[in-house]
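Before any comments, here is the structure.
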Amino acid sequence: MRVTGTGHASMRIDTAAGSILCDPWVNPAYFASWFPFPDNSQLDWESLGQVDYLYVSHLHRDHFDAAHLKRYVSKQATVLLPEFPTSEMEDELRELGFTKFLKAPNEQVVELDGGLKIMIQALTSPTDGPIGDSSLWVEYDGVRLLNQNDARPTDLSTFAELGHVHAHMLQFSGAIWYPMVYELPQAAKTAFGKQKRDRQFDRTWRYIDDLKASHVFPIAGPPCFLDDELWQFNDIFGDEGNIFPDQSVFLREYAKVGGTNGVVLLPGSVAEITTDGCETTHPVPVEEFFANKVAHLEEMRERKRPIIEAEKASWRHPEVDVLGEMKRRIEPLLEESIYLAKGVGGPVRFDLVDTDASGEETVESIVVDFPGKEVRPYADEKVRYRFRTHRGLIEQLLHSGEVDWVNSLFLSCRFSAARIGQYNEFVYAFFKCLSEERLQYAEGWYDEHERAVDAEDITLGDWVVQRRCPHLKADLSRFGIVEGDQLTCQLHGWRFDLASGRCLTSVGHKIRAHRADEAPAPAPEPAS
Ligand code: FES
């Protein structure tokens, strides 16, 4: 099996029974904030795109690059489609001209022509990607590969059960706006960033240990930030709180925990994987490439500047009545929302900053009032979350009818945020569900999730706790760490106070727990 690195989470897998192109991403994503690094725009995409199969793991724009798919990927390719709850991915790919689809039944091995086998695991909670993320397992001639991508299943047993895996591709770096955009003192940002960076690596080690593959490939990030406004997010300033460590840092950190089987793929690197080994050739030496990272980034910044400027020039739509349009689009969804609206539980404020030619700023403050179910001008009240961003970005979102503000505004990092109290996942879940179809799905998911009775308990240290994490059901016998009266679930780092059951990371999500030498508290009376 041959794997060609094509940048970020993308790779082309070649076997004698067919080729699969995964997640090709070249054009900048999220308001021209993210670019693939190392640059992959100069690969021979004309031939890379001539494949038998296309696999797109999910609809995040650094995995689903519509313009690139349209221009370069053969429309004769059969799309290997994860079993997602909505038809959005298939609809979008049909729009681009793809007509052949193989809907892979979730977690079932499918045998393709010539003995090529695949299995796709789709994750479908509202917090997984843009309503869905997935991983692809491939087997040919005894060689097995897992492209876990940036999916975060609770464990990898579904894949491990299919036999020893030879190549495990997974994410290790950050892909989020936290904590950089939060309006916090620098020292706090650094401390939170460091915690997050450590957690990312811990999670990666755990997955690697789960699968025990012969070779581990760090993929799916980090992106690079080439706009001057965002340049500081690149991990080139020796900031231990930067959440975007690159592949060379991965190798260094992996070595510290005893990892010796890491393989970095640059765009154009080729790995020949057999049951006995992995031979890799690179277009340039990997170490040397990362030693010159700053120079590569600076050169890319100059080269891509016109692209960024052209994108920026397209965002403003002063004809859009922002308040009126937000009311029209969001109020019907607030009206329908039960779980998400209750989960947010307070007003969320958007400060839209307009800067005129002289540099003078005006700010319009709009509140999305979840309890009051309306969108209205800010009325000097206390809000739970506040976002501050360029007015032009919101105009563009409304103009284009964007239904997922996470997969556009928030991942762009072109905003700042402040909040009172804990992180609230419902805020972001709501703003990625600005369509009837998505909202209904998310509401249904939370409804089922809330009702599910998870009765099994386990003992961790001095505590008896429910076996499944209240967040996304990770098995706490594997992911739970108890220190004193606090439990941390290592899958996403959420913390719980065991004495009260309170989740310390997010609103809601209470955990059931009692001391091992005490009787459990009586169950609460059901609400009438
Ligand atoms: S499953 Fe996310 S923190 Fe436990």
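For region 500-509, enumerate the residues that are in a loop (DSSP other than H, G, I, E, B) and either over 20 Å from residue 385 (Cβ atoms) or at pLDDT 90 or above (or both).
Selection gives 500, 501, 502, 504.
Pull up region 455-468, narrow it to residues that are outside any strand (DSSP E or B) and of a type in the set (Asp, Glu), then point me to the one that is farthest from the ligand (Cβ to nearest atom). That would be 462.
Going residue by residue through region 423-444, is there one that turns out to be within 22 Å of the chain's Cα centre (by Cα), farther than 20 Å from residue 192 by Cα and surrounded by fewer than 15 Cβ atoms within 10 Å (Cβ to Cβ)? Looking through region 423-444, at least one residue is within 22 Å of the chain's Cα centre (by Cα), farther than 20 Å from residue 192 by Cα and surrounded by fewer than 15 Cβ atoms within 10 Å (Cβ to Cβ). The condition of being at pLDDT below 95, surrounded by 14 or more Cβ atoms within 10 Å (Cβ to Cβ), in contact with a Phe, Trp or Tyr (Cβ under 8 Å, 6 or more places away or on another chain) and not basic (Lys, Arg) does not hold for residue 36. Consider region 179-211 and keep the residues that are out of contact with any helix residue (DSSP H, G or I) (no Cβ under 8 Å at 6 or more places or on another chain) and basic (Lys, Arg). The one that is farthest from residue 270 (Cα to Cα) is 189. Within region 226-262, the set of residues being out of contact with any strand residue (DSSP E or B) (no Cβ under 7 Å at 6 or more places or on another chain) and not in a loop (DSSP other than H, G, I, E, B) comprises 232, 248, 249, 252, 253, 255, 256. Selection of region 162-198 for residues being open to solvent by 50 Å² or more (accessible area, probe 1.4 Å), more than 15 Å from the chain's Cα centre (by Cα) and either within 16 Å of the ligand (Cβ to nearest atom) or closer than 21 Å to residue 217 by Cβ (or both) yields 162, 164, 195, 198. Residues in region 358-378 that are open to solvent by less than 70 Å² (accessible area, probe 1.4 Å) and part of a loop (DSSP other than H, G, I, E, B): 359, 370, 372, 373, 378.
Considering (1) under 17 Å from residue 149 (Cβ atoms); (2) surrounded by fewer than 19 Cβ atoms within 10 Å (Cβ to Cβ), the lone condition that residue 239 does not fulfil carries the number (1). Applying the criterion of being acidic (Asp, Glu) and more than 20 Å from the chain's Cα centre (by Cα) to the residues of region 79-104, the residue that is most open to solvent (accessible area, probe 1.4 Å) is 95.
Considering only residues that are at pLDDT 90 or above, aliphatic (A, V, I, L, M) and either more than 10 Å from the ligand (Cβ to nearest atom) or open to solvent by 10 Å² or more (accessible area, probe 1.4 Å) (or both), which ones fall in region 469-499? Hits for region 469-499 are 481, 482, 498, 499. Filtered by the rule that a residue be at pLDDT below 95 and either among the hydroxyl-bearing types (Ser, Thr, Tyr) or away from the ligand (no atom under 16 Å from the Cβ) (or both), region 129-156 gives 130, 131, 132, 154. Scanning region 263-293 for residues that are charged (D, E, K, R) and open to solvent by 40 Å² or more (accessible area, probe 1.4 Å) turns up 272, 276, 279, 287, 288. Of everything in region 399-420 that is of a type in the set (S, T, N, Q) and assigned to a helix (DSSP H, G or I), the residue that is nearest to residue 507 (Cα to Cα) is 407.
The values are calculated or read from the model by the stated rules, or taken from the named source; none is laboratory data. As the structure is a computational prediction, the values presented were derived from the model and not from experiment. Note that each Cβ is placed from the backbone with ideal geometry, even for glycine, and that neighbours are counted across all protein chains shown. These accessible areas exclude ligands, DNA and RNA; they are computed on the full protein's heavy atoms, side chains included. Shrake-Rupley method; radii C 1.70, N 1.55, O 1.52, S 1.80 Å.
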